[in-house]
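Here's the structure, in structure tokens; my notes come after.
The values are calculated or read from the model by the stated rules, or taken from the named source; none is laboratory data. Quick caveat, the model's predicted, so the values are computed rather than measured. All Cβ positions, glycine included, derive from the backbone under ideal geometry; neighbour counts span all protein chains shown. In case anyone asks, the SASA skips ligands and DNA or RNA and just uses the protein heavy atoms, side chains included. Shrake-Rupley method; radii C 1.70, N 1.55, O 1.52, S 1.80 Å.
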Amino acid sequence: METELAPRARTRTRHPNSWVFFDGEMVRYHDVHIGAMTHALHYGTGCFEGIRAYWNAAQSQLFILHAEAHYARLRRSAAILQLELPYTNDELIRWSAEILRRNDARTDTYIRPFVFVSAEEIGVRLHGMEQSFLIYTAPLGDYLPMDGGIRCMVSTWRRISDGAIPARAKVSGSYINSALAKSEALDNGYDEAIMLTHDGHVSEGSAENLFMLRDGVFSTPSVTEDILEGITRKLIINLIRDELGLQVIERTIDRTELYTCDELLLCGTGAQVSPVIEVDHRAVGDGRVGRHTSQLQDLYFRAVRGEDPRYRDWLTPVYG
């Protein structure tokens, strides 16, 4: 006797049928078909970038932030995974801008390029497999609270080691590490997680780099602490040195230093510049957004929205 199965309730949000770039063509989002057996879906065999474009209403302009640097990093990530990116960075930037124009993007927008193993076969390997390349866009506001600061916990989940999964590559499969830490933090009433390396030193947030101010000096974990070599991280280092006139040291940071520092912030394409006001129920500084962090926020947002002409070389205008 056959049993009729009730249709499963669908709760997912349907993405708008926007323009995307897929395997060399501009197509509609709903016309992209990725099979159920796609290798990257099952094994995480792909790498991606997250690029922001900032809307300036006064100028009626959308600015892509550091497009060249992001696509250069995607190329490095792909090389680590033995994937090929068969387009130049200039082509990728032009197509990104074209997608935004076709979608009439006039708000802060996220650009997601993704190169992945698209072969529909079973078997764990990287070499000699069919691959695909995709760019899509979506509106994106603040990933973390910007104004009042965020509360963090030091996660029980350790940051992946570069000797296990390449930490400096944005590998899609590796983000289960971030998801475990982030969900643990949210489940415990915090906004974000801070992850330690396997030897117990501070690495980064679930998807952000970290800066700490103590005694007038900013410190950030070095690139050998299993961090993603963040593009926003590099911008913040330059702003601290050039605009605030303060020293930045890349060094090993112990967990308890987070409890005694004067200011703490997380940064990244998604997080932007997010002040941390509490770690493990301990106030950072006086428990409010620090003066230097507030200055960095102001400098950063003026630059990325095209309001500071000194930093126009960071930006690729989309319209006109």
Angle between the Cα long axis of helix 89-102 and the longest principal axis of the chain, 0 to 90 degrees, nearest 10? 80
Around Tyr319, which amide H atoms from residues at least 5 apart in sequence, or from another chain, sit under 5 Å from its own amide H, with H modelled in the peptide plane? Leu62
I want the antiparallel fraction of DSSP beta bridges within the range 137-264, as a percent rounded to 5. 55
Check: C-alpha center the range 263-305 vs C-alpha center the range 26-65, spacing in Å is 27
In a Gaussian network model over the chain where Cα atoms closer than 10 Å are linked, find which of Glu243, Glu263, Glu184 has the largest mean-square fluctuation. Glu243
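Given only helices, namely DSSP H runs of n ≥ 4 each adding -39500 (n - 2.57), what is the per-residue ellipticity at 222 nm of the chain, to the nearest 500 deg cm²/dmol? Present the calculation step by step, with values, prior to reporting the outcome.
Working: 7 runs with 73 residues, N = 320.
-7000 deg cm²/dmol, from helical runs alone.
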Charged-residue dipole, Cβ positions (Lys, Arg, Asp, Glu), the range 1-158 about Cα centre, Debye nearest 20: 520
Cα point-scatterer Debye curve for the range 17-63, base-10 log of I(q)/I(0) at q = 0.14, 0.24 Å⁻¹: -0.59, -1.04
Principal axis dimensions, the range 154-208 - Cα atoms, whole angstrom, descending: 31, 24, 15
With no solvent and one equal point scatterer placed on each C-alpha of the range 4-109, evaluate the Debye formula and give log10 I(q)/I(0) for q = 0.15, 0.18, 0.21 Å⁻¹, two decimals. -0.82, -1.10, -1.34
Which ³J(HN,Hα) values, rounded to whole Hz and listed in residue order, are derived for the range 74-84 from phi using the Karplus coefficients 6.51, -1.76 and 1.60 in 6.51 cos²θ - 1.76 cosθ + 1.60 with θ = phi - 60°, glycine and proline given as x? 4, 5, 5, 4, 4, 4, 4, 8, 6, 9, 10
Largest first and rounded to whole Å, the semi-axes √(5λ) derived from the alpha carbon gyration tensor of the range 264-320 read 30, 12, 6
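Give the value in nm², to one decimal: projected area of the alpha carbon convex hull of the range 47-89, averaged over all directions. Numbers along the way, then the final one.
On the way: hull surface 13.1 nm².
Reported value for the Cα convex hull: 3.3 nm².
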Positive-end extreme of charge dipole, the chain - chosen from Ala138, Tyr43, His127 (charges on Cβ): Ala138
Dipole moment magnitude, nearest 20 debye, the chain about Cα centre, only Lys, Arg, Asp, Glu C-beta charged: 420
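What number comes out for accessible area per residue over the chain if the probe is 1.4 Å? Units Å², please.
Values: 15430 Å² over 320 residues.
With the other protein chains kept in place, the chain gives 48 Å² per residue.
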Could you tell me what percent of the accessible area of the chain is made up of carbon and sulfur, with a 1.4 Å probe and every protein chain present? 49
Per 10 Å bin, what is the whole-percent P(r) computed from every C-alpha pair distance within the range 53-122? 18, 43, 27, 11, 2, 0
Pull out the extension gain between Asp162 and Ala36, defined as 0.36 nm times the separation in residues minus the alpha carbon to alpha carbon distance; nm, one decimal. 42.4 nm
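Compute the length gained on full extension between Tyr319 and Ala179: take 0.36 nm times their separation in residues and subtract their Cα-Cα distance, giving the result in nm to one decimal.
Fully extending the segment from Tyr319 to Ala179 adds 46.8 nm.
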Whose amide H sits under 5 Å from the amide H of Arg255, counting only residues 5 or more places off or on another chain, with H placed in the peptide plane? Val202
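Quote to one decimal, in nm, the extra length available between Glu25 and Gln59 on full extension: 0.36 nm per residue of separation minus the C-alpha distance between them.
Details: separation 34, 0.36 × 34 = 12.24 nm, distance 3.05 nm.
Extra length available between Glu25 and Gln59 comes to 9.2 nm.
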When the Karplus curve 6.51 cos²θ - 1.76 cosθ + 1.60 is applied with θ = phi - 60°, which whole-Hz ³J(HN,Hα) does each residue of the range 202-216 get, with x for Gly and Pro? 5, 10, 6, x, 5, 8, 8, 7, 10, 10, 10, 10, 9, 6, x
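Using the alpha carbon gyration tensor of the chain, what are the three equivalent-ellipsoid semi-axes (square root of 5 times each eigenvalue), largest first, in whole Å? Intermediate values should be presented prior to the final figure.
Values: eigenvalues 218, 129, 77 Å².
Its equivalent ellipsoid spans semi-axes of 33, 25, 20 Å.
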On the full set of protein chains, 1.4 Å probe, figure out the accessible area of Tyr175 and give it in Å² to the nearest 10. 60
Once amide hydrogens are built 1.01 Å from N within the peptide plane, the residues lying 5 or more places from Val154 or on another chain with amide H under 5 Å from its amide H are Ile194, Asp280
Can you give the accessible area of Leu126, probe radius 1.4 Å, in Å² rounded to 10? 50
Over its Cα atoms, what ratio of radius of gyration to 2.2 N^0.38 Å does the range 176-320 give? 1.05
Taking the full set of protein chains and a 1.4 angstrom probe, give the accessible area of Trp157 in square angstrom, rounded to the nearest 10. 110
Largest-first principal axis extents of the Cα set of the range 237-276 (Å): 28, 25, 17
Karplus-derived HN-Hα couplings along the range 119-132 (A = 6.51, B = -1.76, C = 1.60, θ = phi - 60°), whole Hz, x at Gly and Pro: 4, 9, 8, 8, x, 8, 6, 10, 7, x, 10, 4, 10, 9
